[in-house]
1. Do the conditions hold for Arg59, that is, is it touching a residue at least 40 places away in the same chain (Cβ under 8 Å) and among the charged types (D, E, K, R)?
2. Within the stretch 1-51, how many residues are of a type in the set (A, V, I, L, M, F, W, C), buried (at least 18 other Cβ atoms within 10 Å of the Cβ) and in contact (Cβ under 8 Å) with a residue 40 or more places away in the chain?
3. Of the conditions (1) out of contact with any strand residue (DSSP E or B) (no Cβ under 6 Å at 6 or more places or on another chain); (2) modelled with pLDDT of 95 or more; (3) farther than 13 Å from Asp126 by Cα, Arg7 fails just one. Which one is it?
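The values are calculated or read from the model by the stated rules, or taken from the named source; none is laboratory data. All values derive from a computational prediction rather than experimental measurement. Using ideal geometry, Cβ is built from the backbone for each residue, glycine included, and neighbour counts are taken over all protein chains shown.
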Amino acid sequence: MDTYPRRMHTALDTTDGRGLAEFYRVLLGLRYRAGDEPPVDGAADDASWLVLVDDEGNRQLAIQQVDELTPSTWPSPDVPMQMHLDYAVLSVDELHRHRQRAEELGATLLYDRSADEDEPLFVLADPAGHPFCLLVGEP
């Protein structure tokens, strides 16, 4: 039987490791991998590589701290998306609710196609500038 590589997690670069990890942790209902939790009692925070997992402990996202990052300028072609994440919700009401939540957490709206009858969606940028889509569809 053939075996194939499987996705371990998707890694995102950022200049604010803890900040971006918190954004996705709250937005997606994830938790930190054991040992990656925020420090307590003023201890130093090594946020250079953080992993977020789902309730079953499966890796979903890794956040990597970098010194510099040029955010995407999409929809302008100057700095393309290069990669983006898609997140599905089940209804237009949920689409609007999660857009609002994302913006409250620091996301920026890049594109509004919420009136599209076939596939309503929003394209947002996370606080580090990575584009991601919220769309109505089957997860």
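1. yes
2. Residues that pass the stated criteria total 6.
3. Against the list (1) out of contact with any strand residue (DSSP E or B) (no Cβ under 6 Å at 6 or more places or on another chain); (2) modelled with pLDDT of 95 or more; (3) farther than 13 Å from Asp126 by Cα, Arg7 comes up short only on (2).
So that you can scan it fast, the table gives a plain yes or no per residue for (1) modelled with pLDDT of 95 or more; (2) among the acidic types (Asp, Glu); (3) at positive phi:
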{"position": "Val26", "(1), (2), (3)": "yes, no, no"}
{"position": "Ser48", "(1), (2), (3)": "no, no, no"}
{"position": "His84", "(1), (2), (3)": "no, no, no"}
{"position": "Glu103", "(1), (2), (3)": "yes, yes, no"}
{"position": "Tyr111", "(1), (2), (3)": "yes, no, no"}
